[in-house]
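For reference, the structure discussed in these notes is given below.
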Amino acid sequence: MIVADTGAVVALIDRADRHHKALRAVYERDPEAWLLPWAILPEVDYLIGAHVGAKAQEAFLADLADDVFNVAWGEERDLDEARRLAERYRSLRMGLVDGVVIAIAARVRADAIATLDLRHFAAVSIPGAPKLLPRDL
């Protein structure tokens, strides 16, 4: 299981992103392994629309509606864990999205987290020590 963070999904979609090829290769090997936490969806939508374009944004929304991506809609305990992480790692100023991504990755015992945000994700002790992609390829 690969839990995806916002930047990795944007890079997966944006051919101009320097991480696109690496993330695309991982995704194409096993698209079913990718899990998108609910909390990243508004950020991905906004960033794709603002930086990639309206057609890419429409395609992303269509893919979500057509269940192309597996979405983790979360559990109440994910929010509790995100709050605990924000308190424990207060100096990182980690927000809701990163906290939820980490909480879901821990809950599902993810093998990896697809993220470009090494400032937060590399600094946090995540149960199971999932790989951080593309860094750990």
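The values are calculated or read from the model by the stated rules, or taken from the named source; none is laboratory data. These figures come from a predicted structure and were not determined experimentally. A quick note on method: Cβ atoms are made from the backbone with ideal geometry, for glycine too, and the neighbour counts reach across all protein chains shown.
What are the residues in the range 94-105 that are surrounded by fewer than 18 Cβ atoms within 10 Å (Cβ to Cβ) and at pLDDT 95 or above, if any?
If the condition is that a residue be surrounded by fewer than 18 Cβ atoms within 10 Å (Cβ to Cβ) and at pLDDT 95 or above, then L96 is the only one that fits.
Let me spell it out: the conditions are (1) crowded, with 18+ Cβ neighbours inside 10 Å; (2) out of contact with any helix residue (DSSP H, G or I) (no Cβ under 9 Å at 6 or more places or on another chain), and A62 meets all of them except one. Which number is the exception?
So A62 meets the others, but not (1).
Whether any residue in the range 53-67 is within 25 Å of I126 (Cβ to Cβ), of a type in the set (K, R) and more than 17 Å from the chain's Cα centre (by Cα) is what I want to check.
No, because not a single residue in the range 53-67 is within 25 Å of I126 (Cβ to Cβ), of a type in the set (K, R) and more than 17 Å from the chain's Cα centre (by Cα).
Any residue that is exposed (fewer than 15 other Cβ atoms within 10 Å of the Cβ), farther than 18 Å from T115 by Cβ, at pLDDT 95 or above and not hydroxyl-bearing (S, T, Y) - is there at least one of those in the range 17-25?
Taking every residue of the range 17-25 in turn, none turns out to be exposed (fewer than 15 other Cβ atoms within 10 Å of the Cβ), farther than 18 Å from T115 by Cβ, at pLDDT 95 or above and not hydroxyl-bearing (S, T, Y).
Please name all residue pairs, on different chains or six or more residues apart, with Cβ atoms under 8 Å, provided the first residue is in the range 77-104 and is within 20 Å of L132 (Cβ to Cβ) and the second residue is in a loop (DSSP other than H, G, I, E, B) and of a type in the set (D, E, K, R).
Going by the 8 Å Cβ cut-off, the qualifying pairs are V97/D5; D98/D5; D98/D117; V101/D5.
Which condition breaks for V68 when tested against (1) surrounded by 15 or more Cβ atoms within 10 Å (Cβ to Cβ); (2) closer than 14 Å to A4 by Cβ?
If we test V68 against (1) surrounded by 15 or more Cβ atoms within 10 Å (Cβ to Cβ); (2) closer than 14 Å to A4 by Cβ, just (1) comes out false.
Residues being within 12 Å of the chain's Cα centre (by Cα) and surrounded by 21 or more Cβ atoms within 10 Å (Cβ to Cβ): count how many of those fall in the range 122-133. Quick ask: steps written out before the conclusion?
We begin by selecting, within the range 122-133, every residue within 12 Å of the chain's Cα centre (by Cα); these are 132-133.
After this cut, where a residue has to be surrounded by 21 or more Cβ atoms within 10 Å (Cβ to Cβ) as well, the list is 133.
Going through the range 122-133 one residue at a time, the tally reaches 1.
Look at the range 28-58 and say how many of its residues are crowded, with 21+ Cβ neighbours inside 10 Å, part of a helix (DSSP H, G or I), touching a residue at least 60 places away in the same chain (Cβ under 8 Å) and not small (G, A, S).
1
When you scan the range 83-137, how many residues do you find that are closer than 18 Å to Y27 by Cα, among the small types (G, A, S) and not in a loop (DSSP other than H, G, I, E, B)?
Counting residues in the range 83-137 that are closer than 18 Å to Y27 by Cα, among the small types (G, A, S) and not in a loop (DSSP other than H, G, I, E, B) gives 3.
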